[in-house]
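Participant: Pasting in a structure now, in structure tokens, and then I'll have a few things to ask.
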Ligand SMILES: [Zn+2]
């Protein structure tokens, strides 16, 4: 595995791919691939080899190399089943065991239940219950806790469900409501969140649905920050425009504001296609 792919997997798994694979082998979720029937061998060959490789294998055995992929495989299996099994075993491959398949199936089933229950809880404004749905999913299936994700907070989800950022002016009530629920679900479910709830959804404004939902999240975070800083008696904030911000946002970079007069974030006049990514930072008294 290349380094870039490997480090991405390490981040996603919270462990190296090798350690994950060993753990799966120890838990009997992965077992050595050992084709015991012609059907299993046929399936295995189809997933391991491409047409070019299959033709080379036929040539090696002085067999005809014409035909479609499944015809090539059938010819190979028919003429040299035992030899192919030896080849495949020598590759040292693993396959998902029945227990592994069962776990994947149960995970999908639990995810769907968690999704339905979490959406219902969000509608009922019971955000703690929505969070518990996904916590239960992880606990039941024995997933390791992911430290870097952070624990979802009901107060933040409540803000997600109520803030109305000006940058989304023009979105209908229904659109806003759907964006809120998608983002609340994202907060609750983290990496288990369904990926496609907003796919192809038309917001009616220039921002696409994912961006618009992110503006709701930023607005909620912004409201939360300002609230907390006021409690901490912070009186001034500094504007931080992230690199690549639009000119309207960049013009404010570094600008200090009285906390009560700081312009709304996301900045309503931001023109970036990916929405405003500006932040305020609290200014400490010198
Ligand atoms: Zn901005």
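Read the figures in this text as sums done on the coordinates, not as results from a lab. Nothing here was measured: the structure is a model prediction, and the numbers come from that model. Every residue, glycine among them, receives a Cβ derived from its backbone with ideal geometry; neighbour counts consider all protein chains shown.
Participant: At residue 233 and residue 91, where each label point lies 7 Å from the Cα along Cα→Cβ, what is the point-to-point distance in nanometres?
Facilitator: Each label point lies 7 Å from its Cα, and together they span 6.9 nm.
Participant: Something else: Once the Cα gyration tensor of the chain is found, what semi-axes does its equivalent ellipsoid get, as square roots of 5 times the eigenvalues, in whole Å, sorted largest first? Don't jump to the answer; show the numbers that get you there.
Facilitator: Details: eigenvalues 540, 101, 75 Å².
Largest first, the chain gives 52, 22, 19 Å.
Participant: Can I ask one more? How high is the relative contact order of the stretch 71-143, given as a whole-number percent (alpha carbon pairs under 8 Å, six or more residues apart)? Intermediate values should be presented prior to the final figure.
Facilitator: Working: 23 pairs, mean separation 15.9, N = 73.
In percent, rounded to a whole number, it is 22.
Participant: Let's test the formula: R0 of 41 Å, r as the Cβ-Cβ distance of residue 269 and residue 106. What FRET efficiency results, to the nearest 0.05? Before the final figure, lay out the partial values.
Facilitator: Details: r = 49 Å, r/R0 = 1.20.
In this case the efficiency is close to 0.25.
Participant: Using a Förster distance of 30 angstrom, determine the FRET efficiency expected from the C-beta separation of residue 59 and residue 31, and round it to 0.05.
Facilitator: Details: r = 32 Å, r/R0 = 1.07.
Once the sixth-power term is evaluated, E becomes 0.40.
Participant: What is the extension gain from residue 242 to residue 68, computed as 0.36 nm multiplied by their sequence separation minus the C-alpha to C-alpha distance, in nm to one decimal?
Facilitator: On the way: separation 174, 0.36 × 174 = 62.64 nm, distance 5.33 nm.
Extending this stretch completely gives an extra 57.3 nm.
Participant: Between residue 221 and residue 21, with labels modelled 7 Å along Cα→Cβ, what's the label distance in nm to one decimal, could you check?
Facilitator: Spacing of the two 7 Å Cα→Cβ label points: 3.5 nm.
Participant: Residue 195 to residue 172: FRET efficiency via 1/(1 + (r/R0)^6), r the Cβ-Cβ distance, R0 22 Å, to the nearest 0.05? Walk me through the numbers on the way to the answer.
Facilitator: Values: r = 24 Å, r/R0 = 1.10.
Taking R0 as 22 Å, the efficiency between residue 195 and residue 172 is 0.35.
Participant: To check my understanding: the extent here is largest minus smallest coordinate of the Cα atoms along each principal axis. What are those three numbers for the stretch 90-187, in Å, largest first?
Facilitator: Over the stretch 90-187, Cα extents along the principal axes are 62, 27, 25 Å.
Participant: Let me ask something else about it. How far, in degrees from 0 to 90, does helix 69-90 lean away from the longest principal axis of the Cα atoms of the chain, to the nearest 10?
Facilitator: 90
Participant: What is the list of residues in the stretch 79-99 whose amide nitrogen lies under 17 Å from a point 7 angstrom out from the Cα of residue 46, following Cα to Cβ?
Facilitator: Flagged as within label range: 96.
Participant: Would you kindly state how much longer the chain becomes between residue 260 and residue 120 on full extension, computed as 0.36 nm times their sequence separation minus their alpha carbon distance, in nm to one decimal? Before the final figure, lay out the partial values.
Facilitator: Numbers: separation 140, 0.36 × 140 = 50.40 nm, distance 3.64 nm.
Using 0.36 nm per residue and subtracting the Cα-Cα distance, I get 46.8 nm.
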